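S.K.: The structure follows.
Derivation of every value follows stated rules applied to the coordinates shown; laboratory data play no part. What you are looking at is a predicted structure, and each value in this text was computed from that prediction instead of being measured. No Cβ is skipped: glycine too gets one built from the backbone with ideal geometry, and neighbour counts run over all protein chains shown.
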Amino acid sequence: NTFKAACQMTVSELQIPLIDEPVIVDFVFVMPRPKKLDAKKFGDGRLPHGSKPDRDNLLKSCQDALNGILWRDDSLIYSGKLEKRYAAKNELPHVEITIVDQV
């Protein structure tokens, strides 16, 4: 799907060495902002995303997509934070992946 392809393309362009040790990874999924959240009362920044897709499904899809590209296998990820947010006004949807610590 396009989500997996976007994850793979972004990481492969960075030419990062393949992770082969236990690792902590944080994920921020920035989802498309619906028009109803463009009203002034919501502000311009990112907002909490409390609807589908589920956090677990996003995380699993992204981790699996990066097997063999960013890490040998997603089983190496032993900890990390996860957020789902609506994009700020004029921000494109994307995924932010931060390698916090490697053993």
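S.K.: Using the structure shown, decide if residue 56 is of a type outside the set (Phe, Trp, Tyr) and in contact with a Ser or Thr (Cβ under 8 Å, 6 or more places away or on another chain).
M.R.: For residue 56, the condition - of a type outside the set (Phe, Trp, Tyr) and in contact with a Ser or Thr (Cβ under 8 Å, 6 or more places away or on another chain) - is not met.
S.K.: I would also like to ask the following. When region 59-103 is examined, which residues are found to be farther than 25 Å from residue 40 by Cα and of a type in the set (Lys, Arg)?
M.R.: If the condition is that a residue be farther than 25 Å from residue 40 by Cα and of a type in the set (Lys, Arg), then 60, 72, 81 are the ones that fit.
S.K.: Tell me which strands (runs of 3 or more DSSP E) are completely within the chain and hold 2 or more residues being touching a residue at least 12 places away in the same chain (Cβ under 8 Å) and surrounded by 13 or more Cβ atoms within 10 Å (Cβ to Cβ), or say none if there are none.
M.R.: 23-31, 82-86, 94-102
S.K.: Please enumerate the residues belonging to region 1-36 that are within 15 Å of the chain's Cα centre (by Cα) and among the acidic types (Asp, Glu).
M.R.: The one that is within 15 Å of the chain's Cα centre (by Cα) and among the acidic types (Asp, Glu): 26.
S.K.: Condition (residue is more than 10 Å from the chain's Cα centre (by Cα) and either within 11 Å of residue 28 (Cα to Cα) or basic (Lys, Arg) (or both)) applied to region 61-71: is it met by at least one residue?
M.R.: No - not one qualifying residue is present in region 61-71.
Matching residues to (1) in contact with a His (Cβ under 7 Å, 6 or more places away or on another chain); (2) of a type outside the set (Lys, Arg); (3) farther than 15 Å from residue 82 by Cβ:
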position: 15; (1), (2), (3): no, yes, yes
position: 23; (1), (2), (3): no, yes, no
position: 31; (1), (2), (3): yes, yes, no
position: 34; (1), (2), (3): no, yes, yes
position: 60; (1), (2), (3): no, no, no
position: 67; (1), (2), (3): no, yes, yes
